[in-house]
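The values are calculated or read from the model by the stated rules, or taken from the named source; none is laboratory data. The model shown is predicted, which means the values in this text are computed figures rather than measured ones. Reconstructed Cβ throughout: ideal geometry from the backbone, glycine too, with neighbour counts over all protein chains shown.
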């Protein structure tokens, strides 16, 4: 990306203002989105009700009865004062995945398309950290960037009508996890027993924009053990920093 562009502030209805930082999917652009989000969380403006980050913008929802006409100017000023950079650190959530078989019915096709063995696809998919740009599509669906380009595979020509919650998929150069049962056209290569979305949990989503994700392959015994812990409410997701240190 060239030098940072001047943020644009646009109305999206009478209760939302969108602050745009660029036009492309880019880590530096998204870093500016996350910086403005964190700044508004740390120094909130009265009347703001919700902050929703996307790849390249931050949607700021507000109560028009409590916010004056100067909100766009205030947001523009805040955004312009931030110097975004593609941070290398951050919290990384470890996601155990059972790859292939009935949990990952498209793994053979992804391997064929990439010209790799199935085991090499798994090795490459678990071989790096993924950055969560945004949540969307369904509650808690994390759009993850940074996948090995050799694994890029087109979506299904005919989407499935129901994909089980926890399914890990590939669509083009992106990977992600279906948090609830839903239709979808991503190529399914595995499944995690973790609950990515639970309306009775605070917060209800396991992942969030700005976090990192690391997939770890587990065998049948490990998958069953994690499934049982999740069922009993005893499972605590592993969280590391990006140097590999575990959170206290």
Taking residue 97 as the residue in question, decide whether it is under 19 Å from the mean Cα position of the chain (by Cα), in contact (Cβ under 8 Å) with a residue 12 or more places away in the chain and under 24 Å from residue 37 (Cα atoms).
no
Of residues in region 111-127 being in contact (Cβ under 8 Å) with a residue 60 or more places away in the chain and crowded, with 17+ Cβ neighbours inside 10 Å, the one nearest to residue 209 (Cα to Cα):
125
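Among residues belonging to region 69-92 that are outside any helix (DSSP H, G or I) and out of contact with any helix residue (DSSP H, G or I) (no Cβ under 9 Å at 6 or more places or on another chain), point out the one that is modelled with the lowest pLDDT.
Here is the first cut: in region 69-92, the ones outside any helix (DSSP H, G or I) are 69-70, 81-92.
Subsequent filtering for residues that are out of contact with any helix residue (DSSP H, G or I) (no Cβ under 9 Å at 6 or more places or on another chain) retains 69-70, 88-92.
Working: 69: 78, 70: 86, 88: 54, 89: 61, 90: 79, 91: 88, 92: 94.
Selected residue: 88.
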Please state which one of 108, 96, 44 is in contact with a helix residue (DSSP H, G or I) (Cβ under 9 Å, 6 or more places away or on another chain) and surrounded by fewer than 18 Cβ atoms within 10 Å (Cβ to Cβ).
108
Among (1) touching a strand residue (DSSP E or B) at 6+ places or on another chain (Cβ under 7 Å); (2) within 24 Å of residue 102 (Cα to Cα); (3) free of Cβ contacts under 8 Å to residues at least 60 places away in the same chain, which single condition is residue 146 missing?
(2)
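On the given criteria, is residue 210 touching a strand residue (DSSP E or B) at 6+ places or on another chain (Cβ under 7 Å) and on the phi > 0 side of the Ramachandran plot? Give the steps one after another, and end with the answer.
Working: touching a strand residue (DSSP E or B) at 6+ places or on another chain (Cβ under 7 Å): yes; on the phi > 0 side of the Ramachandran plot: yes.
Yes; evaluated as a whole, the condition is true for this residue.
Yes/no per residue for (1) closer than 30 Å to residue 41 by Cβ; (2) buried (at least 16 other Cβ atoms within 10 Å of the Cβ):
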position	(1), (2)
164	no, no
178	yes, yes
207	yes, yes
217	no, yes
All but one of (1) farther than 17 Å from residue 55 by Cα; (2) outside any helix (DSSP H, G or I) hold for residue 111, so report the exception by its number.
(2)
Going through region 1-28 in order, the residues found to be over 30 Å from residue 147 (Cα atoms), exposed (fewer than 12 other Cβ atoms within 10 Å of the Cβ) and touching a residue at least 24 places away in the same chain (Cβ under 8 Å) are 11, 14
Please go through region 30-68 and give me each residue that is assigned to a loop (DSSP other than H, G, I, E, B) and touching a residue at least 40 places away in the same chain (Cβ under 8 Å), ordered by number.
54, 55, 63, 64
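Go through 59, 31 for me and flag whichever is within 24 Å of the chain's Cα centre (by Cα), surrounded by 13 or more Cβ atoms within 10 Å (Cβ to Cβ), at pLDDT below 90 and within 30 Å of residue 185 (Cβ to Cβ).
Numbers: 59 fails: at pLDDT below 90.
None of the others qualify; the one that does is 31.
Would you say residue 131 is part of a strand (DSSP E or B), touching a helix residue (DSSP H, G or I) at 6+ places or on another chain (Cβ under 7 Å) and crowded, with 20+ Cβ neighbours inside 10 Å? If you could, list the steps in order and put the result at the bottom.
Numbers: part of a strand (DSSP E or B): yes; touching a helix residue (DSSP H, G or I) at 6+ places or on another chain (Cβ under 7 Å): yes; crowded, with 20+ Cβ neighbours inside 10 Å: yes.
Spelling it out, residue 131 is indeed part of a strand (DSSP E or B), touching a helix residue (DSSP H, G or I) at 6+ places or on another chain (Cβ under 7 Å) and crowded, with 20+ Cβ neighbours inside 10 Å.
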Given (1) under 16 Å from the mean Cα position of the chain (by Cα); (2) more than 17 Å from residue 134 (Cα to Cα), residue 172 misses just (2)
For residue 195, the lone unmet condition from (1) surrounded by fewer than 18 Cβ atoms within 10 Å (Cβ to Cβ); (2) in contact with a helix residue (DSSP H, G or I) (Cβ under 8 Å, 6 or more places away or on another chain) is (1)
In region 36-45, how many residues are modelled with pLDDT under 90 and touching a strand residue (DSSP E or B) at 6+ places or on another chain (Cβ under 9 Å)?
1
